[in-house]
Amino acid sequence: MNVLMSRQQNSTAERVQGMVNPVIDRINFVAAVLLCILPLPVFFDVLFRLLFSSSIPGAIEIEEFLMGILVFFGIAHTHTHGGHINIDLLTSKIPPGARNIIETCLYFISALFFALMSWQLVAQGIEKFLNHEVSFTYHVPLGIFRLIAAVGAALLAVAVFASFLRALERTASSRKVPWLIPAFGITALLLAVPLAGWIPMTWSESTIGILGMCLLFFFLFLGLPIGFGMALTGFLGMTIVYGGIWPSLSMLGISSYDTAASYMLTVVPLFILMGEFAYRSGISKDLFETAYTWLGRLPGGLAISSVAGCAGFSAICGDSLATAVTMGTIATPEMRKKGYDMKMATGCLAAGGTLGILIPPSVGFIFYAIVTEESIGRLFIAGILPGLLLTALFMGTIYTRVRRRPELGPPGEPSTFREKLVSLRGVVGMLVLFVLILGGILSGIFSPVEGGSIGAVGAFVYALVRRRMTSQVLLTALKDTLAITTKLLLILIGVGILGYFLASTRLPFALAEFVTGLEVNRYFVFAAVILLFMLLGCLLNVIPMILLVLPTIFPSIVALGFDPIWFGVVAVLTMEMGQITPPIGVNVFAIGSVAKDVPMQDIFRGIVPFFICMVLCILILTVFPQIATWLPGVFF
């Protein structure tokens, strides 16, 4: 019977997947094309403003429409090709049979949830048609875009339902079907408690908020994708707070679309796209060769040059994982060829990648600004000196270690002064993009959001000039950018829904009042927050951690009198330490995929000196906060 059930579910799952996948792939291609168009309205708006003192009508409106479509058209494809971001620390330890049962329940809940989201988007779209609501500039019926978003949410619901069927099939084949009955019973009870209003009236809003956060972490550690878990928790929590499901359903459609179709969030795909174009134009290789020409003859020169190359590429990339993989691909074979100690070689590359989220433009600072409503421009500028400080600490550590133990990294061949000058051509592309973006932001020519469009177009033009941009390269860059964007934006949609719940419980503000009421030095609280970030960094990537913990912690930090810009630099740096620490350590695993012959434990040992450098950098920034606050004070 189990075998028959397995075959039946397998055929059902395959039929569902076979029907929906072609549609998902086609609309994902449409989303990639729209992503290619995304930089253009703002780019030409800035250009017209500078040349003709005029602007393109409705440029912001166009950007919002494009963002809403490409996010909802891409989320289903992301689920079917690699999945959304989740925490697999505990699920990897759970026996396969139990894991299949858990996934069956979680995918069922998620499919139902996204079906409700699609239904609400349809309902709100129809309502906007009936009310004749149109856009401000072009008078386009706004209901159209809600219905388009509903299609994307419906496809995600079907894709998740197919995952449910596959998990059910695996459960059937493992002869664990009887265990599904209590598992679904617990799941039904978990949903019925908030939906039916079975909550004691004596519970305070803060208590409900705390229980909601416990439920969130329960979902996350069971393996539910972070965006799914945050959205589902916020929805259930709002149902409890408002004493009914209808306000929560209405919020579900409003919040999800308004987050995806946000003009401010266009900066996320645009800076990621800029990094993709820059990588494919060969800038990373040029930076490494220039750094080696100038620094290669020093003890450990190749490793020092690798860190310098990471710093340079960070100025146009904004993502630590991309920086680590890019420079690792270039530098690892060279260091192996020169006889470098591979623990130090891989360790410096994994640590050097962390500069990608500290030196602007930084995706980490962008998300910090979104959550805290601080200035993206001020955060970008604040990250420059700390980024250079951390780079110097990394390079100084390599130099000192190799001076003591020359066998770790022999010096390279000396270069003539003429060769050094000629090599500077390799940094032209990076400098042009860096100065173009930050120079424009600082001078007030354009905003940080507009800077993303300028940077993406500039990197594309540079790749064309270098004859590195083909149609296949362009499509690959667009698809990779879209996949990263939809992963991050789905978490932001979850943050938006969860934010409604947290705001209604006033939990963040209650926590801030509690913390400020403690009769302890504020630096004890700050140290506790830093320790929390370090521990969470072992479990979460930087962006999910920013989106998960900052909404709760940030009000306390501000209430204690800490500068929010300075704290942004310290927080991002601290969270970035998790990129090189076990068990997550995504930069370590990325370098491990490049240096496949180096055992993972050797790479983790190699990052220890650089981890100490990051701790030292945090201490220096705490003692001398002016390192992070001086430049923003000068330019703003």
Mean separation of Cα contacts under 8 Å (6+ apart) over length of the range 485-636, as relative contact order %: 23 percent
Electrostatic dipole magnitude of the range 293-438 [Cβ: Lys, Arg +1; Asp, Glu -1; Cα centre; debye, to 20]: 620 debye
Global size of the range 261-372 as Cα Rg and Dmax, reported in angstrom: 14.9, 51
Ellipticity estimate at 222 nm from DSSP helix runs (n ≥ 4, -39,500 (n - 2.57)) divided over the chain, nearest 500: -26000 deg cm²/dmol
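Do any trypsin sites (Lys or Arg not before Pro) in the range 433-474 lie in a DSSP loop with no more than 10 other beta carbon atoms within 10 Å, and if so, which? Provide the component values of the computation, followed by the final result.
On the way: sites: Arg466, Arg467, Arg468; in loops: Arg466, Arg467, Arg468.
Passing sites in the range 433-474 are Arg467.
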Protection proxy ranking, peptides 331-338, 621-628, average beta carbon neighbours within 10 Å, highest first: 331-338, 621-628
Dipole magnitude of the chain, debye to nearest 20 (Cβ charges: Lys/Arg +1, Asp/Glu -1, about Cα centre): 1720 debye
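In whole percent, how big is the carbon plus sulfur part of the accessible area of the chain, probe 1.4 Å, protein atoms only? The partial results should precede the final answer.
Details: 17610 of 25870 Å².
The computed percentage sits at 68.
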Nearest 10 degrees, 0 to 90: helix 301-317 Cα axis against the chain principal axis: 50 degrees
Ratio Rg/Rh, restricted to the chain and using Cα atoms, in which Rh is the Kirkwood radius: 0.98
C-alpha long axis of helix 564-577 to longest principal axis of the chain, angle in °: 90 degrees
Descending Cα extents along the principal axes, the range 164-304, whole Å: 71, 45, 29
0 to 90° range, to nearest 10: angle between helix 143-173 axis and the chain longest Cα axis: 90 degrees
For the range 392-446 versus the range 70-131, the gap between their alpha-carbon centres in whole angstrom: 44 Å
Gyration tensor verdict on the range 60-130 (Cα atoms; rounded if a/c is under 1.5, prolate if a/b is larger than b/c, oblate otherwise): oblate
Furthest towards positive pole of dipole, Ala172, Leu252, Gly275, structure part the range 163-300, Cβ charges: Ala172
Taking the range 320-452 and dividing mean pair separation by its residue count, relative contact order in percent (alpha carbons under 8 Å, at least six apart): 22 percent
Relative contact order [Cα under 8 Å, 6+ residues apart], the chain, whole percent: 19 percent
Cα-centre dipole for the range 468-535 with unit charges at Cβ (Lys and Arg positive, Asp and Glu negative), debye to 20: 300 debye
Against the rule of thumb 2.2 N^0.38 Å, how large the Cα Rg of the range 423-489 comes out: 1.27
Relative packing of peptides 428-440, 286-298 - highest average C-beta neighbours within 10 Å first: 286-298, 428-440
Cα convex hull of the range 501-636 - mean projected area over all directions, nm²: 10.2 nm²
Paired Rg and Dmax values of the range 7-77, which use every Cα atom, in angstrom: 18.8, 67
Span from the the range 541-579 Cα centroid across to the the range 282-312 one, whole angstrom: 31 Å
Rounded to the nearest 10 Å², the accessible area of Tyr279 at probe 1.4 Å: 100 Å²
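Please give me, ordered by residue number, the trypsin sites (Lys or Arg not before Pro) of the range 110-194 that lie in loop per DSSP and have at most 13 other Cβ atoms within 10 Å.
Numbers: sites: Lys128, Arg146, Arg166, Arg170, Arg175, Lys176; in loops: Arg175, Lys176.
Taking the range 110-194 and a limit of 13 other Cβ atoms within 10 Å, the loop trypsin sites (Lys or Arg not before Pro) found are Arg175.
With a ≥ b ≥ c the root eigenvalues of the C-alpha gyration tensor of the range 448-579, is it rounded (a/c under 1.5), prolate (a/b larger than b/c) or oblate?
It is prolate, given that a/c is not under 1.5 and a/b is the larger ratio.
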Estimated FRET transfer efficiency (Phe221, Lys337; beta-carbon r; R0 45 Å; 0.05): 0.55
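How long are the semi-axes of the ellipsoid equivalent to the range 369-445, from square roots of 5 times the Cα gyration tensor eigenvalues, in whole Å, largest first? Can you show the working numbers first?
Numbers: eigenvalues 232, 91, 11 Å².
The three semi-axes for the range 369-445 are 34, 21, 7 Å.
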Rounded accessible area per residue of the chain, 1.4 Å, Å²: 41 Å²
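The values are calculated or read from the model by the stated rules, or taken from the named source; none is laboratory data. Treat the numbers as computed from the prediction; the structure is a model and nothing was measured. Every residue, glycine among them, receives a Cβ derived from its backbone with ideal geometry; neighbour counts consider all protein chains shown. Surface areas here come from the heavy atoms of the whole protein model, side chains and all, with no ligands, DNA or RNA. Shrake-Rupley method; radii C 1.70, N 1.55, O 1.52, S 1.80 Å.
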